[in-house]
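In what follows, a structure is listed as structure tokens, so that the remarks can point back to it.
Nothing in this text is a laboratory measurement; each read-out follows from the coordinates by a stated rule. This structure is a prediction, so every number in the text was calculated from the model and none was measured. Here the Cβ positions follow ideal geometry from the backbone for every residue, glycine too, while neighbour counts run over all protein chains shown.
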Amino acid sequence: MTTIISGTNREGSNSLKLAKYYHSQLTNKGFDSEIISLADLPGDLISSDLYGKRSEAFQGIQEKISASSKFIFVIPEYNGSFPGVLKTFIDACSFPESFFGKKAALVGLSSGKYGNIRGIDHFTGICHYINMHVLPLRIHIPNINKEFDEKGNLYLEDTIKFTDQQIERFIEF
Ligand SMILES: Cc1cc2nc3c(=O)[nH]c(=O)nc-3n(C[C@H](O)[C@H](O)[C@H](O)COP(=O)(O)O)c2cc1C
């Protein structure tokens, strides 16, 4: 199973829009995937699911993660890095079996100029620590507010070209 993680719990996030775009592109290429949005995490995650605790609300998410062998992480830039809730989510998932030996593609986005270059680097370090294999082609999308058409699809030629390249390589990965 392949899971696309939308890496923030912010309501109305561009990350979730982009996760849906990746999901639809994978579907068009005949590749099944599912989205987990961090907006669906239990609101009391920091008291309910860290340090060996497991809530019923998180259990379903944990089962999907455990059943997945490939992941796409869609990660917004928050204060020059990835969101804290994404790290909390990784910390809440069972270790090491959730991600050990599995594959990941990383997509960064920001409303500013840099498309989360630094946050994707930071998150790559964590992926390596938890023994994930990271697809070498990592994508950075700056100025995200100008990237979607009214249906929520990417429409700029370069962005479509580079995301498509990443999706093709991810399918083969
Ligand atoms: C807490 C927070 C910190 C942010 N920090 C940055 C930043 O350092 N650089 C930047 O370009 N955009 C920053 N942004 C804007 C995000 O890049 C913007 O919200 C973008 O749409 C992607 O995130 P989203 O999935 O929340 O929509 C920040 C947004 C939030 C909520």
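A few remarks follow.
- When only alpha carbons of region 2-172 are considered, Rg and Dmax amount to 15.2, 46 Å.
- Alpha carbon centroid spacing (whole Å) that separates region 1-61 from region 93-140: 15
- Simple spin-label estimate for THR27 and SER66 gives 2.8 nm between the two label positions (7 Å along the Cα-to-Cβ direction from each Cα).
- Cα-projected label distance for ILE171 with LYS151, points at 7 Å along beta-carbon direction, nm: 1.9
- The distance between label points at ASP44 and ASN143 comes to 4.6 nm (points 7 Å beyond Cα on the Cα→Cβ vector).
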